Amino acid sequence: MNAITIDGPAASGKSTVGYQAAQRLDFIFFDTGVMYRAVAWALLDRGIDSTDVEAVGQVAAQLPIGVKAPGADAQDGRQATIQIGDLDVTWSIRSPSVDSIVSVVAANRLVRRELSRKQRNIGLEYGMGTTETAGVVMVGRDIGTVVLPEAPLKIYLKAPLDERARRRYNELVERGSEADFARIQDDMRLRDQIDSERTVAPLRPAMDAFQIQTEGASVLEVVEQILQLAAKHLNVAPPSPGKPDNTGGRNILPD
Ligand code: CDP
């Protein structure tokens, strides 16, 4: 199986590093966080109480979430286009209001049952070589522990809270969004706490995960470290220098 799992707390660099590693390996990149975010966004949109376990579970079961490789016209730095039905929610699922409820949504056992089953299917499909892609990099909180525990390479990324909050602050400012450092840091602390303490699939490194401290390391350094591990643990060709989009514009998670 050619699958790399990358787990870790908020803004630990999972998606930046995972995306680049996937491109270099010609693997599919799949960020599972977008699915939890899409459910949280839909609850806000429909005015549904995020603590109503049954109602939230029903939304997760029925929501037509689509994850697609961005078309050539998307020049706004997106790694994937996220849709709910025909609606593009790529950036709206990254709002502070979604941040503030997403961990409660993700602690819901019905939501997890629904989403992690879909994620596992994607991991198996792309990781087992049943499609033309070489493999998959899947990132989240429980990929190495629950979604794809048989993956041959598991990574757990770490960085101190203040550095992670700074990264998220800079991302928001670069996108031209409003950003309040203190609020970002407080929200992140709370989200990490809920993610780590929940009973179903809590955030923690798999027993056999390689833990990488990203404080003070460049993105490229962390990517290179993962590529070296991939060369040892996976069946991959020697890494090629940065390749463009490897998904040919097709749906990864069709709606
Ligand atoms: O980008 P950031 O690290 O801030 O968050 P994310 O990866 O987009 O995930 C958002 C939230 O979804 C997390 O805080 C978790 O509550 C939840 N999540 C999860 O529970 N399990 C996953 N596999 C991925 C995300």
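The values are calculated or read from the model by the stated rules, or taken from the named source; none is laboratory data. Predicted model only: the values in this text are computed from it and were never measured. Note that we place each Cβ from the backbone using ideal geometry, even for glycine, and neighbour counts take in every protein chain shown. Note: accessible area is taken over every heavy atom of the protein model, side chains too, but ligands, DNA and RNA are not part of it. Shrake-Rupley method; radii C 1.70, N 1.55, O 1.52, S 1.80 Å.
A few notes on this one:
- Our estimate of slack between N121 and R46, defined as 0.36 nm per intervening residue step minus the Cα-Cα distance, is 24.2 nm.
- Charge dipole of region 33-120 (Cα centre as origin; +1 on each Lys and Arg Cβ, -1 on each Asp and Glu Cβ, all else neutral): 480 debye, rounded to the nearest 20.
- Bridge orientation summary for the chain: considering DSSP beta bridges with both residues in this region, about 30 percent are antiparallel.
- Simple rule: put +1 on each Lys or Arg Cβ and -1 on each Asp or Glu Cβ in the chain, find the dipole, and look at G66, L234, G216; the Cα lying farthest toward the positive end is L234.
- Take each peptide in 196-205, 47-56, 10-19, count the other Cβ atoms within 10 Å of every residue, and average; sorted highest first, the result is 10-19, 196-205, 47-56.
- Accessible area of the chain divided out per residue, in Å², using a probe of 1.4 angstrom: 46
- Percent accessible area from carbon and sulfur atoms, the chain, protein chains only, probe 1.4 Å: 50
- Paramagnetic label zone (point 7 Å from Cα along Cα-to-C-beta, N235; backbone N under 20 Å) in region 140-163: 148-154
- L153 long-range amide H proximity, modeled H, under 5 Å: A3, T5
- For L161 and L220, the difference between the fully extended length at 0.36 nm per residue and the C-alpha to C-alpha distance is 19.2 nm.
- Peptides ranked, highest mean first, by Cβ atoms within 10 Å: ranges 118-126, 140-148, 30-38, 216-224: 140-148, 30-38, 118-126, 216-224
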